[in-house]
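A.B. asks: Sending over a structure as structure tokens; questions will come in a sec.
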Amino acid sequence: MKSIPVTQTSLPDFDEYINEIKDLWESKWLTNMGVKHQELEQKLTSYLDTNYISLFNNGHLALENIIAALDLTGEVITTPFTFISTTNAIVRNGLVPIFCDINKDDYTIDTQKIESLINERTSAIIPVHVYGNICNVHEIEKIAKKYDLKVIYDAAHAFGVKLNNIGIGNFGDASMFSFHSTKVFNTIEGGAVTFNDSKLENKLSIQKNFGIESQESVTYIGGNAKMNEFQAAMGLCNLRYVDNEIHKRKNIVNRYNENLKDISSVVLVKSQKNVQANYSYFPILFENGIDIRDKVFEELKFNNIFARKYFYPLTKDMECYKSEFSNVDTPIAEYVSSRILTLPLFPNLTLDEVDKICNIVVNEVKKV
Ligand SMILES: *Cc1c(COP(=O)(O)O)cnc(C)c1O
């Protein structure tokens, strides 16, 4: 039986990529902001509809670097319902994550619970556009203004998402996108930060290149987080197809929704108002609890179909954080994390495969 992975990397035609990297054998310029890097930067500025962009060798280092560039101190309000990278990026910058709960509709930060977590040590809010569902950006902006906080969005899931026709990377002080091979758009590994303040452009480019300002002047203790030319070339190829891929994803999501909408104990994510979505994940929530979620997971696996308990456990419950940062109760995040399952979703998944997956889910749910 053919196995179905939870996701599958999008690749251009082999020849197209080879053609794209051919120049590199002539120029012998493989990294350090070469022509592919520059071209991708331009194309993404336009695609993401943003003022400024800085490319990185992965999304995680993009996030670490923008946190450092904004000179945050003390405490940062974030959520535990995310990939471990978000929390790690905060802690690796010497900051304390204060975990805010999420809301039950779209699993993003519950803006009504943010204010009670703010104190004189708070310097920023780092919310996550989980599954490409966007946070309540207007409410977050209001709170940030009132308390003079920075806002950095983890937009790793939100490539190409728009709100009222505005690219999602325009909100807050900055947004981080991931171009990892498992994401909607990939550069093999890669990532970017989008932002509005022109001063950040120079700062980020120095930071990601060891802090080197000019040949004889190092002004900052930087690391190395540059995107190389082979990554950028992959991005240039993949960008040509990403709209078509998102369209295919949409058809798959529609089929899933159609198949599962009448199962009362299975909660689906509703589409958000005025949002152009990217259909990056298909999470379903089992209202009847963790046992049924885990049973469906196992039954799918038995059929060579690989779903993911994404995000479970919560980041704050991982070994490295458990004893240290379990500072606030997040009951909704616990509830969602123990009941959520993301089903396979990638552009080449067939509708027949979707039906097969749904049949297994429905059969398992009916057993209880
Ligand atoms: C993928 C991901 C990251 C990290 O991005 P990489 O490009 O893999 O380093 C960060 N946050 C979230 C929510 C992600 O899904």
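The values are calculated or read from the model by the stated rules, or taken from the named source; none is laboratory data. What you see is a predicted model, and the numbers here were worked out from it, not measured in a lab. FYI the Cβ positions are ideal-geometry reconstructions off the backbone, even for glycines, and counts take in every protein chain you see. Protein only, heavy atoms only, side chains kept; ligands, DNA and RNA dropped before computing areas. Shrake-Rupley method; radii C 1.70, N 1.55, O 1.52, S 1.80 Å.
A.B. asks: Around Glu213, which amide H atoms from residues at least 5 apart in sequence, or from another chain, sit under 5 Å from its own amide H, with H modelled in the peptide plane?
C.D. replies: Excluding prolines and chain starts, which carry no amide H, the hits are Val218, Thr219.
A.B. asks: Over the stretch 64-170, give the accessible area per residue in Å² for a 1.4 Å probe, as an integer.
C.D. replies: In whole numbers, the stretch 64-170 has 35 Å² accessible per residue.
A.B. asks: Can you tell which of Ser175, Ser214, Ser337 shows the greatest fluctuation in a Gaussian network model of the chain with Cα springs below 10 Å?
C.D. replies: Of Ser175, Ser214, Ser337, the most mobile in the Gaussian network model is Ser214.
A.B. asks: Explain nothing, just compute: Karplus ³J(HN,Hα) = 6.51 cos²θ - 1.76 cosθ + 1.60, θ = phi - 60°, for every residue of the stretch 333-350 in order, whole Hz, x for Gly and Pro.
C.D. replies: Values, residue by residue: 4, 4, 4, 5, 4, 7, 10, 8, 9, 9, 8, x, 7, 7, x, 8, 5, 8 Hz.
A.B. asks: Check Ile102: other-chain or 5+ apart residues with amide H under 5 Å from its amide H, H built from backbone geometry?
C.D. replies: Sorted by chain and number, the residues that satisfy this are Asp110, Ile332, Ala333.
A.B. asks: In the chain, what % of DSSP beta bridges are antiparallel (nearest 5)?
C.D. replies: Once the DSSP bridges in the chain are tallied, antiparallel ones form about 65 percent.
A.B. asks: How large is ³J(HN,Hα), in whole Hz, for each residue of the stretch 255-262 in order, when computed from phi with the Karplus curve 6.51 cos²θ - 1.76 cosθ + 1.60 and θ = phi - 60°, using x for Gly and Pro?
C.D. replies: The phi angles translate into 5, 4, 4, 4, 5, 10, 5, 9 Hz.
A.B. asks: Taking N as the number of residues in the stretch 291-332, what value does Rg over Cα atoms divided by 2.2 N^0.38 Å take?
C.D. replies: Relative to the rule-of-thumb radius for its length, the stretch 291-332 sits at 1.54.
A.B. asks: Based on the alpha-carbon gyration tensor of the chain, what equivalent-ellipsoid semi-axes (square roots of 5 times the eigenvalues) come out, in whole Å, largest first?
C.D. replies: 33, 28, 17
A.B. asks: Normalised by the residues of the stretch 136-257, what does the relative contact order come to in percent, with Cα pairs under 8 Å and at least six apart?
C.D. replies: Computed value for the stretch 136-257: 17 percent relative contact order.
A.B. asks: Thinking of the stretch 119-171 as a set of Cα atoms, what percent of all their pairs are more than 17 Å apart?
C.D. replies: Result for the distance tail: 35 percent.
A.B. asks: Going through the cross-link list Lys261/Lys309; Lys301/Lys366; Lys248/Lys270; Lys104/Lys309; Lys250/Lys366, which pairs have a Cα-Cα distance over 24 Å in this structure?
C.D. replies: Lys250/Lys366
A.B. asks: Would you kindly state the longest site-free stretch of the chain, with sites defined as trypsin sites (Lys or Arg not before Pro) in a DSSP loop (not H, G, I, E, B) surrounded by at most 15 other Cβ atoms within 10 Å?
C.D. replies: Formally, the longest exposed-site-free interval is 122-239.
A.B. asks: Hey, any idea what % of the chain's accessible area is carbon plus sulfur with a 1.4 Å probe?
C.D. replies: Here carbon and sulfur together make up 49 percent of the probe-accessible area.
A.B. asks: Using alpha carbons only, how many angstrom separate the centre of the stretch 54-121 from the centre of the stretch 294-316?
C.D. replies: 26 Å
A.B. asks: Under the definition of Cα pairs under 8 Å and six or more residues apart, what whole-number percent is the relative contact order of the chain?
C.D. replies: Once divided by the residue count of the chain, the mean separation gives 23 percent.
A.B. asks: Related question: Could you work out, for the stretch 245-368, what percent of all Cα-Cα pairs fall into each 10 Å distance bin, beginning at 0 Å and stopping at the bin that holds the largest distance?
C.D. replies: 12, 41, 32, 14, 2
A.B. asks: Take each of the peptides 327-333, 262-268, average the number of other beta-carbon atoms within 10 Å over its residues, and list them starting from the highest.
C.D. replies: By packing density, highest mean first, the sequence is 327-333, 262-268.
A.B. asks: Could you point to the residue in Ile252, Ala124, Ile98 farthest towards the positive end of the chain's charge dipole, with +1 and -1 charges on the Cβ of Lys/Arg and Asp/Glu respectively?
C.D. replies: After comparing all options, I get Ile252.
A.B. asks: Also, I was wondering about something else. Rolling a 1.4 angstrom probe over the protein heavy atoms, how many square angstrom per residue are accessible across the stretch 177-298?
C.D. replies: 48 Å²
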